[in-house]
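*Asks:* Here it is, the structure in full.
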Amino acid sequence: MDSVIKVSNLKKYYKVHQKDPGLLGSLRSLFRREYFEVKAVDNISFEIDQGELIGFIGPNGAGKTTTLKVLSGLLYPSSGSVRVLGYEPFKRQSEFQRQFSLVMGQKNQLWWDLPAFESFILNKEIYGVPDDIFKKTVTELSQMLDIEDVLKVQVRKLSLGQRMKAELVAALLHRPKVLFLDEPTIGLDVLAQKKMRDFIKEYNQKYKSTIILTSHYMGDVKELCKRVIIIDRGMILYDGSLSAIVEKFAPFKVINVDFEVAPDLDRLKKIGKLVKYEDLHAEIEVHREKAAKLAGSLLSDFPVADLTIEEPAMEDIIRDVFNKSNLLTEV
Amino acid sequence: MSKIYLTVFSLAWQNEFVYRLNFILWRIRNLMRFFLTFFLWEGVFTTSKQMFGYSKSEMLTYVFTVILVSALVQSAPSADNIGGEIGNGDLSNYLVKPLSYLKYWFSRDLASKSLNLVFAMVEFSLLAIILHPVFAIPTKILTIAAFLITISLAVVLYFFISTCSRFISFWAPENTWGVSFIIVIFIETLAGSIFPLDVLPENLKNLIMLTPFPYLLYFPTAIFLGKISSTQLPKILFIALTWVIIMFFFMRYLWGKGLKNYSSEGR
């Protein structure tokens, strides 16, 4: 199958001017500006097939949004090639624009003072959606997101969660083949996040659309995406399945033990890396292949009350990945 | 295709009615402006019958007509929004859609103008009844036709000029207030919104006539008042049209340049 999105050796550098602190610095910057170059995206390549739901993760300023903007045609690449559905996005051809949608969690495309439904009507005309399909899609999507009863309420009166859902409906009216979601759950409460995730998942399965999602919340990615691309400082640190991250970056498991009486700590340290010990509770990191054997010797040699073997938390692994990449660039 | 912009037009009307208080206050502001201008010139003309070649009734007709014409030409929400949307990056919302950003704002402008015109007519009649000033309303078909043509050109020209000035945000996203202010002052005076331009010394007047600004308010008004002879008309229409074409291409040029900058920097 041909890939829907193909990015090779994409670079995007910006020039940013810097200002010395204080009023004097401001005055000086009026006359002379010093520029420095920011490598927002630095030589990345990836391909995405139809129907994939990809998670883009990375800290603030990693280059996630920049990449999405290049894919949407808002930014043109400094170098490298980008194809989405066979088009060069930055040419902004209307045949291309009719087939994708970009939703930015921090930007608002609905008319603020009018009910969301009015903005839907405008999008219907912009994308040339036929009446019957429009009605069907609005009903269906707003049912899935549970916002049918607020479509006729002024957007400004909606809660953040309701507004984001309405934004999403507006962006999906023309049934885009490709969907870019930039922080779609930002600022939402846990319940609204959940609803949003369920919707994205269902939408992806039902319409076989290709979705790229960026998020700060590991929860979003963990629940939705089989494949993740981890990006930091404009470079891809990892591209592959979520489950394989664990094996690649965390070759250990964590044994949680509760003791009946205080154990001999020196002997305990020989089992594995003692991460934490307090109130008769210990967390020990051990090599994943040896986990079962070591747990056995713990049970036989120590006064154990309870014992579990766990995968390390995804959040911790990702944080480790970023920390390591920082070390690499600082050396 | 054009249905998109009809929908924009309709949404823009709905939008205007959302804030009832704001709407009413705006109408009151317009009425106040009529009254103030009326009493100002009443005062000026107490001492003399003629001033700058204008009689009292001619001057009153001029300033009242200018207010009506500017209600049509200068009411442009695009002027309040384009700069900001470019500066804060909201422009991106439009750029990813198969939609013309400039046509979109022009449609919104037309919506605002039409609404403004309807209400200005009502207010105008109200004032005419209260103050009953003497007006000279044109009767010749040629004058009316020429007026309608120049005012259409003025509407388009105003959009082009004001949009060009807002494009400065492409290069200076942080602030376009200063620029907006200068533009408003320019238009208000050079276009003839405060006094008829033939009040000015000959040299200065000739200089101003070389700019596009008099074609925004002064000429439509002067034509309406029959101040322009039919031999001068073709020349004025021709120059107005030329300005429209020049500013159109200038706007397109700046838009292309600006977008290039926008998509290399991003916001």
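*Asks:* Using R₀ = 25 Å, calculate the FRET efficiency as 1/(1 + (r/R₀)^6) where r is the Cβ-Cβ separation of A:R156 and B:R27; round to 0.05. Numbers along the way, then the final one.
*Replies:* Numbers: r = 23 Å, r/R0 = 0.93.
Using R0 = 25 Å, I get an efficiency of 0.60.
*Asks:* With each pseudo-label sitting 7 Å past Cα toward Cβ, what's the B:A145-B:F186 distance in nm, one decimal?
*Replies:* Label at B:A145, label at B:F186, 3.4 nm between them.
*Asks:* Pop a pseudo-label 7 angstrom from the Cα along the beta-carbon direction at both B:N206 and A:E311 and give the gap in nm to one decimal.
*Replies:* Spacing of the two 7 Å Cα→Cβ label points: 8.6 nm.
*Asks:* Project the alpha carbons of the stretch A:251-310 onto their principal axes and report the range along each, largest first, in whole Å.
*Replies:* 29, 21, 19
*Asks:* For n ≥ 4 DSSP H runs only, could you compute -39500 (n - 2.57) per run for chain B, divide by its residues and tell me the 222 nm figure to the nearest 500?
*Replies:* Numbers: 11 runs with 196 residues, N = 267.
When only DSSP H runs of four or more count, the value is -25000 deg cm²/dmol.
*Asks:* What is the mean number of Cβ atoms from other protein chains located within 10 Å of the Cβ atom of each residue in peptide A:126-134, rounded to a whole number? Mind showing how you got there, number by number?
*Replies:* Working: counts 10, 4, 4, 0, 0, 0, 0, 0, 0.
Other-chain Cβ atoms within 10 Å of each residue's Cβ, averaged: 2.
*Asks:* Here's another thing I want to ask about it. Counting only C-alpha contacts under 8 Å and six or more residues apart, can you give the relative contact order of chain B as a whole percent?
*Replies:* Values: 243 pairs, mean separation 70.1, N = 267.
Relative contact order for chain B comes out at 26 percent.
*Asks:* OK, next. Under the 0.36 nm per residue contour assumption, what length would be gained going from the current alpha-carbon distance of A:K194 and A:S300 to full extension?
*Replies:* Details: separation 106, 0.36 × 106 = 38.16 nm, distance 4.31 nm.
Roughly 33.8 nm would be gained on extension.
*Asks:* As a check on your grasp of the helix formula, calculate [θ] at 222 nm for chain A: sum -39500 (n - 2.57) over DSSP H runs of n ≥ 4, divide by the residue count, round to the nearest 500.
*Replies:* On the way: 12 runs with 131 residues, N = 331.
My calculation for chain A gives -12000 deg cm²/dmol from helical runs alone.
*Asks:* Sorted by mean Cβ packing within 10 Å, highest first, what order do the peptides B:82-92, B:37-47 take? Present the calculation step by step, with values, prior to reporting the outcome.
*Replies:* Working: B:82-92: 19.3, B:37-47: 13.0.
Put in order of decreasing packing, that is B:82-92, B:37-47.
*Asks:* Where does the protein assembly as shown land on Rg/Rh, using Cα atoms and the Kirkwood Rh? Show your work: numbers first, answer last.
*Replies:* Numbers: Rg = 32.6 Å, Rh = 28.9 Å.
For the protein assembly as shown, the value is 1.13.
*Asks:* Given a Förster distance of 41 angstrom, what is the FRET efficiency for A:Q143 paired with A:W112, based on the Cβ-Cβ distance and rounded to 0.05?
*Replies:* Values: r = 25 Å, r/R0 = 0.60.
Given R0 = 41 Å and the Cβ-Cβ separation, E is 0.95.
*Asks:* Can you tell me how much longer the chain between A:N323 and A:S243 gets when fully stretched, taken as 0.36 nm per residue apart minus their C-alpha distance, in nm with one decimal?
*Replies:* Using 0.36 nm per residue and subtracting the Cα-Cα distance, I get 26.8 nm.
*Asks:* For B:I194 and B:T242 in the same chain, what is the full-extension length gain: residue separation times 0.36 nm, less their Cα-Cα distance, in nm? Present the calculation step by step, with values, prior to reporting the outcome.
*Replies:* Values: separation 48, 0.36 × 48 = 17.28 nm, distance 2.52 nm.
Here the answer is 14.8 nm.
*Asks:* For A:94-103, what's the mean count of beta carbons from other chains sitting within 10 Å of each residue's beta carbon? Display every interim value, and only then the final one.
*Replies:* Numbers: counts 3, 1, 2, 5, 2, 0, 1, 2, 5, 1.
Mean shielding count: 2.
*Asks:* Strictly over 27 Å apart at the Cα level, which of A:K69/A:K152; A:K107/A:K135; A:K226/A:K269; A:K195/A:K324; A:K248/A:K273; A:K39/A:K124 would you flag in this model? Could the numbers behind the result be given before it?
*Replies:* Numbers: A:K69/A:K152 31 Å; A:K107/A:K135 25 Å; A:K226/A:K269 36 Å; A:K195/A:K324 34 Å; A:K248/A:K273 19 Å; A:K39/A:K124 38 Å.
As for pairs spanning more than 27 Å Cα to Cα, those are A:K69/A:K152; A:K226/A:K269; A:K195/A:K324; A:K39/A:K124.
*Asks:* Could you work out, residue by residue across A:256-267, how many beta carbons of other chains sit within 10 Å of that residue's beta carbon, and then give the average as an integer? Write out the running numbers ahead of the final one.
*Replies:* Details: counts 0, 0, 0, 0, 0, 0, 0, 0, 0, 0, 0, 0.
Averaged over the peptide's residues, the number is 0.
*Asks:* Here is a further query. Build a GNM of chain A with springs between Cα atoms under 10 Å: which of A:G234, A:G25, A:G128 gets the top mean-square fluctuation?
*Replies:* Its mean-square fluctuation being the largest, the pick is A:G25.
*Asks:* Now for a separate question. List every residue whose amide H lies under 5 Å from the amide H of A:F56, counting only residues 5 or more places away in sequence or on a different chain, with H placed 1.01 Å from N in the peptide plane.
*Replies:* A:L213, A:T214, A:S215, A:I229
*Asks:* Just tell me which lysines come within less than 26 Å, Cα to Cα, of B:K56; anything on the same chain fewer than 8 places away is out.
*Replies:* Result set, ordered by chain and number: B:K140, B:K205, B:K227.
No lab work stands behind these numbers, since they all come straight from the coordinates. Remember, it's a predicted structure, so these values are computed and weren't measured experimentally. Positions of Cβ are generated from backbone atoms using ideal geometry, with glycine treated the same way; all protein chains shown enter the neighbour counts.
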